[in-house]
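The structure appears below as structure tokens.
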Amino acid sequence: MSTLFDPRRFIALVRKEGSQILRDPSTFLIAFVLPMILLFLFGYAVSLDSTRTRVAVVLEDSSAPALRLAQAYQRSPYFEVTMARSIQPARPMMVSGTIRAIIVIPQDFGSKVKQGHMPPVQIITDGSQPNTASFAAAYGEGVRQSWAMEEGLARNPMAQSPPVSVSARYWYNPELKSRYFLVPGSIAVVMTIIGTLLTALVVAREWERGTMEAMMATPITMVEFIASKMIPYFLLALASMSLCTVIGIWAFGVPFRGSVFALIAIASAFLMPALGMGLLISSATKNQFVASQIATLAGFLPTFLLSGFIYEIGSMPWPIQGLTYLVPARYLIPSLQTVFLAGDQWALILPNIGIMLLFGAFFFMLSFRVTRRSLD
């Protein structure tokens, strides 16, 4: 290999790599079809919202206050209510999974209201789904508190009202739609697939097809070789990211309050470690099957599980929390969510961009050494 950089030779190498991408239909399937499938799955099929939870309201009291409270549960947008007069028919419904909670309005409910008390209700939840159970209990109590305010019980000195009233307000996602967090996170997964998985097959494919020996006989430099492999996939990843962003905004209604410049800067910074990791895997394995398996374990799974995309990092055990700092997507997803929901908050974005660029420099340094040793 030569030691002098030649722009004409470099452009020829980039065109060669681009021609290989155009001739390979599987590349476009992974770059554009698979991201669309993932985006629609995370946008429609996967939801962390607790709206329309199926519950049974057991009305043991037929007084007017009890009927009004039951109607409050029926009007709530968070519940899909099935009415019952006793708890016996509701129990098998919970066992079978037809409902997720039982709200019991007791027999003495009306009489306690007449005495000026705010009587409690019994909320029985299905413990097999802890998140849904906690949501149902919290929202069920919230409906009761709101009903008590409308009835004037919370202002009654005999009522059991708390001394401090807390009113929560969510600035950037007031409706708490999980789609607003899942769609930007799915873009990070898409970029990981293209940046790491596709790139992991690049050099390995050259070795398997026997074309690497021919390239070794040419006077190309190491910089030309690596850059010519990276640039086409860098542009392909940006194109896929742009398509996912447009669909997320127009099809799923995700707000985009930032700038295109900030989005491209964040995506470009993340593609550095993603492409570097893919090239490192490809150069080290020289086998497409092995490279794809390692890329899935080292790139896709950590992005999906340890980046805060689905599972909150703060709820993980502390050794796993420490491990998440080694996952580049941990710094990408908060930056994407910030650009989409809050705008160009550079004080939050720039540190993450800097960390991702450091990861990229580390992976490219390793891949440069491994690729040179493999060619020598």
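The values are calculated or read from the model by the stated rules, or taken from the named source; none is laboratory data. This structure is a prediction, so every number in the text was calculated from the model and none was measured. Here the Cβ is made from the backbone with ideal geometry for all residues, glycine too, and neighbour counts use every protein chain on show. When the accessible area is computed, the model is the full protein with side chains, heavy atoms only, and any ligands, DNA or RNA have been set aside. Shrake-Rupley method; radii C 1.70, N 1.55, O 1.52, S 1.80 Å.
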Conditions first: (1) modelled with pLDDT of 90 or more; (2) open to solvent by less than 10 Å² (accessible area, probe 1.4 Å); (3) not aromatic (Phe, Trp, Tyr). Thr338 passes all but one, so which condition is the exception?
(2)
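Among residues belonging to the stretch 204-233 that are under 17 Å from Leu271 (Cβ atoms) and crowded, with 19+ Cβ neighbours inside 10 Å, point out the one that is nearest to the chain's Cα centre (by Cα). Spell out how you get there, then give the answer.
Within the stretch 204-233, the subset under 17 Å from Leu271 (Cβ atoms) is 226-233.
Filter once more, so that each one left must be crowded, with 19+ Cβ neighbours inside 10 Å: 226, 228-230, 232-233.
Details: Ile226: 31, Ser228: 31, Lys229: 29, Met230: 26, Pro232: 26, Tyr233: 23 Å.
The qualifying residue nearest to the chain's Cα centre (by Cα) is Tyr233.
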Cβ pairs under 9 Å, 6+ apart or interchain, first in the stretch 128-151 and under 16 Å from Ile103 (Cα atoms) and of a type in the set (D, E, K, R), second assigned to a helix (DSSP H, G or I) and modelled with pLDDT of 85 or more, ordered by first then second residue, are Arg144/Leu69; Arg144/Ala72; Arg144/Tyr73
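Got at least one residue in the stretch 307-328 being within 26 Å of Lys229 (Cβ to Cβ), in a helix (DSSP H, G or I) and touching a residue at least 12 places away in the same chain (Cβ under 8 Å)?
Here is the first cut: in the stretch 307-328, the ones within 26 Å of Lys229 (Cβ to Cβ) are 307, 326-328.
Those still in the list that are in a helix (DSSP H, G or I) too: none.
No, the conditions are met nowhere in the stretch 307-328.
Against the condition on the phi < 0 side of the Ramachandran plot, at pLDDT 80 or above and in a helix (DSSP H, G or I), how does Arg54 come out, does it pass? So that I can check it myself, show each step before the final result.
Numbers: on the phi < 0 side of the Ramachandran plot: yes; at pLDDT 80 or above: yes; in a helix (DSSP H, G or I): no.
No.
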List pairs: first residue in the stretch 240-253 and closer than 17 Å to Leu34 by Cα, second residue modelled with pLDDT of 90 or more and in a helix (DSSP H, G or I) anywhere in the structure, Cβ distance under 7 angstrom, at least six positions apart or on different chains.
Met241/Ala267; Thr245/Leu263
Could you go through the stretch 360-375 and let me know if any residue there is in a helix (DSSP H, G or I), open to solvent by 80 Å² or more (accessible area, probe 1.4 Å), farther than 15 Å from Val189 by Cα and touching a helix residue (DSSP H, G or I) at 6+ places or on another chain (Cβ under 8 Å).
yes
Inside the stretch 314-330, can you point out the residues that are crowded, with 16+ Cβ neighbours inside 10 Å and more than 13 Å from Ala298 (Cβ to Cβ)?
Met316, Thr324, Arg330
When both residues are 6+ apart or on different chains and their Cβ atoms are under 7 Å apart, which pairs have a first residue that lies in the stretch 71-84 and is of a type in the set (Asp, Glu), and a second that is exposed (fewer than 14 other Cβ atoms within 10 Å of the Cβ)?
Glu80/Arg52
If you check Ala262 against the conditions, is it under 15 Å from Leu198 (Cβ atoms) and not β-branched (Val, Ile, Thr)?
no
Which of (1) on the phi > 0 side of the Ramachandran plot; (2) open to solvent by 30 Å² or more (accessible area, probe 1.4 Å) does Glu80 not meet, given it meets every other one?
(1)
The lone condition Asn287 fails out of (1) polar (S, T, N, Q); (2) in contact with a helix residue (DSSP H, G or I) (Cβ under 7 Å, 6 or more places away or on another chain); (3) open to solvent by less than 40 Å² (accessible area, probe 1.4 Å) is (3)
Mind checking whether some residue in the stretch 269-283 is more than 19 Å from Val189 (Cβ to Cβ) and among the β-branched types (Val, Ile, Thr)?
no
Filter result (open to solvent by 10 Å² or more (accessible area, probe 1.4 Å) and touching a helix residue (DSSP H, G or I) at 6+ places or on another chain (Cβ under 7 Å)) within the stretch 342-351
Asp344, Gln345, Leu348
For Ile264, indicate whether it is under 20 Å from the mean Cα position of the chain (by Cα), at pLDDT 90 or above and of a type in the set (A, V, I, L, M, F, W, C).
yes
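Taking the stated definitions as given, is Ile247 open to solvent by 50 Å² or more (accessible area, probe 1.4 Å), aliphatic (A, V, I, L, M) and in contact with a helix residue (DSSP H, G or I) (Cβ under 8 Å, 6 or more places away or on another chain)?
No: the conditions fail for Ile247.
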Hey, does the stretch 188-203 have a residue that's in contact with a Lys or Arg (Cβ under 7 Å, 6 or more places away or on another chain), on the phi < 0 side of the Ramachandran plot and either without any contact (Cβ under 8 Å) to a residue 60 or more places away in the chain or open to solvent by 10 Å² or more (accessible area, probe 1.4 Å) (or both)?
no
